[in-house]
Each structure stands twice: as structure tokens, then as C-alpha cells.
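The values are calculated or read from the model by the stated rules, or taken from the named source; none is laboratory data. Since we're looking at a predicted model, the values are computed, not measured. Here the Cβ positions follow ideal geometry from the backbone for every residue, glycine too, while neighbour counts run over all protein chains shown. These area figures cover heavy atoms from the full protein model, side chains too; ligands, DNA and RNA do not enter into them. Shrake-Rupley method; radii C 1.70, N 1.55, O 1.52, S 1.80 Å.
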Amino acid sequence: MRDAYHEELDSIGDGLIEMARLVGSAMGRATTALLDADLQLAESVIAADEKVDNLHHELENRAIALLARQQPVATDLRIVVTSLRMSADLERSGDLARHVAKLARLRYPHSAVPADLHPIVLEMGQLAQRLVAKAGLVISSKDVDAALELERDDDAMDELHRQLFSHLLDDRWQHGIETAVDVTLCGRYYERFADHAVSVAKRVVYLVTGEHADEFVPEVGK
């Protein structure tokens, strides 16, 4: 009976890793759709978000069923509750990828992002993928050090976001108000996506140590 219980706990973890993979892929494809004005690709990202939502609901139902049947305590309870929160973070990440794809669809056949900003937005999209991929690895490995590193990795996204805004606030901006709004939204989507990856990593720290990441102090020499 306990073996089946722990297999179910493991399967919830596997589901979270799959969600991380799906939302990373979605953001990568959404970024391509945005920059290339690829309507078909944008539509596929929007449609595929349903799979992420379904997986989120499935994990949520399984976690709640485990709570009801097993009434876990201590570490097992932390695993179930924290998994629910990570699933919510990843589901929101999928929504943000969908928002990028919707922006691509809205401005088709043109790109919502001016050509001179393509390099920054491309880098933001690639970094978003790397961050959520690392979050997936952290879920799998339960590596606290790697989880703590992810917040520092997010500093690069914040810097790219600042660069994007410096272009928007430049007196030489010539792309109009509508495009400025599009770029502002776009930058926010990538920034929030990265924030959710960091949130997942922080939850892993809590899952493993029982301490919140902002309060956790690694042991010297470890």
C-alpha cells in the first residue's frame, strides 16, 4: 500500500517535469511566432495550452485525492502541498506563452516587435526557456544549490527587461503608441514567465529543507 502511495507521489513529480517541458517548448515556439509573424505557429501554441491546463487539473485532482486518502504528514505533506503550488506556477507560465502567441496572432501579418528589438526579445525568449528547463531539472534532482542559483539566473532577464524599456523611453522611438504597448506587454510576459520559474525553484527549496528559500542559509562546506 505504501509502495503504491509513493509511486503516486513520484508520478506527481513526473507530471510537474512534463509541465515544465511543455511550457518551455510553448514559449520557444511563441517567440518564433512573434518575431516571424507566423500565424500557424501562433495558433498551434494557443491550442496546445489546453494540454498544459489539463495536466494541471489532473495533478491537482491526484494531489487532493492523496490528501484525502492518505492524510500525509511531515515531508510527504510538504511534497503534496508544494506540488500543487508548483503546478499552479507552471500552468500560469503556459498562459504567458499563450499570451505571447496571441500577440503574434493579433498583429499578423506583421510582427508585433520592431526589427531593431528582435535581438533583445529573442534573447528573452531563449532565456525564458533555459530558466524553466532548469526549474524542471531542479524538480527532478531536488538540488537545493541549483534551485538557489535560479534566482541569480533571473537577474539576466531583469536586465533584458530594462534594456527593452530603455528603447521604449528613448526620445528617438518612432514606432508609435500601439507598438509601444505591444512591446511593453511582451516584456512583461517574459519577465513574469521567468518569475514563475524562480518561484518553482524556491518551492523545491522549501520541499527539501522545510525552510523558505529567502530564509534558507546553506551549511558552510556543503
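Kindly provide the set of residues from region 109-159 that are crowded, with 17+ Cβ neighbours inside 10 Å and of a type in the set (S, T, N, Q), ordered by number.
111, 129 - these are the residues of region 109-159 that are crowded, with 17+ Cβ neighbours inside 10 Å and of a type in the set (S, T, N, Q).
Consider residue 30 carefully, then state whether it is over 17 Å from residue 104 (Cα atoms), modelled with pLDDT of 95 or more and small (Gly, Ala, Ser).
no
For region 109-134, enumerate the residues that are more than 11 Å from the chain's Cα centre (by Cα) and among the polar types (S, T, N, Q).
Once the filter is applied, which keeps residues that are more than 11 Å from the chain's Cα centre (by Cα) and among the polar types (S, T, N, Q), region 109-134 yields 111, 126.
Is it the case that region 66-87 has a residue that's in contact with a His (Cβ under 6 Å, 6 or more places away or on another chain) and either aliphatic (A, V, I, L, M) or part of a helix (DSSP H, G or I) (or both)?
Taking every residue of region 66-87 in turn, at least one turns out to be in contact with a His (Cβ under 6 Å, 6 or more places away or on another chain) and either aliphatic (A, V, I, L, M) or part of a helix (DSSP H, G or I) (or both).
Condition first: open to solvent by 20 Å² or more (accessible area, probe 1.4 Å) and outside any helix (DSSP H, G or I). Can you find one or more residues in region 38-46 that meet it?
There is at least one residue in region 38-46 that is open to solvent by 20 Å² or more (accessible area, probe 1.4 Å) and outside any helix (DSSP H, G or I).
Please enumerate the residues belonging to region 195-222 that are of a type in the set (D, E, K, R) and at pLDDT 85 or above.
Listed by number, the residues that qualify are 195, 202, 203, 211.
If we scan region 93-108, do we find a residue that is at pLDDT 95 or above, more than 20 Å from residue 25 (Cα to Cα), open to solvent by 70 Å² or more (accessible area, probe 1.4 Å) and assigned to a loop (DSSP other than H, G, I, E, B)?
Looking for residues that are at pLDDT 95 or above, more than 20 Å from residue 25 (Cα to Cα), open to solvent by 70 Å² or more (accessible area, probe 1.4 Å) and assigned to a loop (DSSP other than H, G, I, E, B), one finds at least one in region 93-108, hence yes.
Of the conditions (1) at pLDDT below 95; (2) over 30 Å from residue 105 (Cβ atoms); (3) open to solvent by 30 Å² or more (accessible area, probe 1.4 Å), residue 165 fails just one. Which one is it?
Residue 165 satisfies every listed condition except (2).
Under 6 Å between Cβ atoms, which residue pairs at least 6 apart in sequence (or on different chains) link something in region 108-133 that is closer than 20 Å to residue 194 by Cβ with a partner that is in a helix (DSSP H, G or I) and polar (S, T, N, Q)?
Taking only residues 6 or more apart or on different chains, the pairs are 120/163; 125/31.
A quick yes/no check of all residues on (1) under 25 Å from residue 94 (Cβ atoms); (2) among the charged types (D, E, K, R):
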{"residue": "126", "(1), (2)": "yes, no"}
{"residue": "137", "(1), (2)": "yes, no"}
{"residue": "141", "(1), (2)": "yes, no"}
{"residue": "156", "(1), (2)": "yes, no"}
{"residue": "172", "(1), (2)": "no, yes"}
{"residue": "192", "(1), (2)": "yes, yes"}
{"residue": "211", "(1), (2)": "no, yes"}
{"residue": "214", "(1), (2)": "no, yes"}
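Looking at region 54-81, which of its residues are surrounded by 15 or more Cβ atoms within 10 Å (Cβ to Cβ) and under 24 Å from residue 27 (Cα atoms)?
Result: 55, 56, 59, 60.
What are the pairs with Cβ atoms under 8 angstrom where one residue, in region 153-172, is assigned to a helix (DSSP H, G or I) and the other, located anywhere, is open to solvent by 70 Å² or more (accessible area, probe 1.4 Å)? Sequence gap at least six, or different chains.
Sorted first by the residue in region 153-172, then by its partner, the pairs are 153/130; 160/123; 167/116.
Residue 11 fails exactly one of the following numbered conditions: (1) farther than 26 Å from residue 199 by Cα; (2) loosely packed, with under 15 Cβ neighbours inside 10 Å; (3) among the small types (Gly, Ala, Ser). What is the number of that condition?
In the conditions (1) farther than 26 Å from residue 199 by Cα; (2) loosely packed, with under 15 Cβ neighbours inside 10 Å; (3) among the small types (Gly, Ala, Ser), residue 11 misses (1) alone.
Based on this model, can you work out whether residue 188 counts as more than 19 Å from residue 126 (Cβ to Cβ) and open to solvent by 70 Å² or more (accessible area, probe 1.4 Å)?
Taking the combined requirement at face value, the residue does not satisfy it.
In region 173-192, which residue that is aromatic (Phe, Trp, Tyr) and modelled with pLDDT of 95 or more is nearest to residue 98 (Cα to Cα)?
Per the criteria, the residue is 189.
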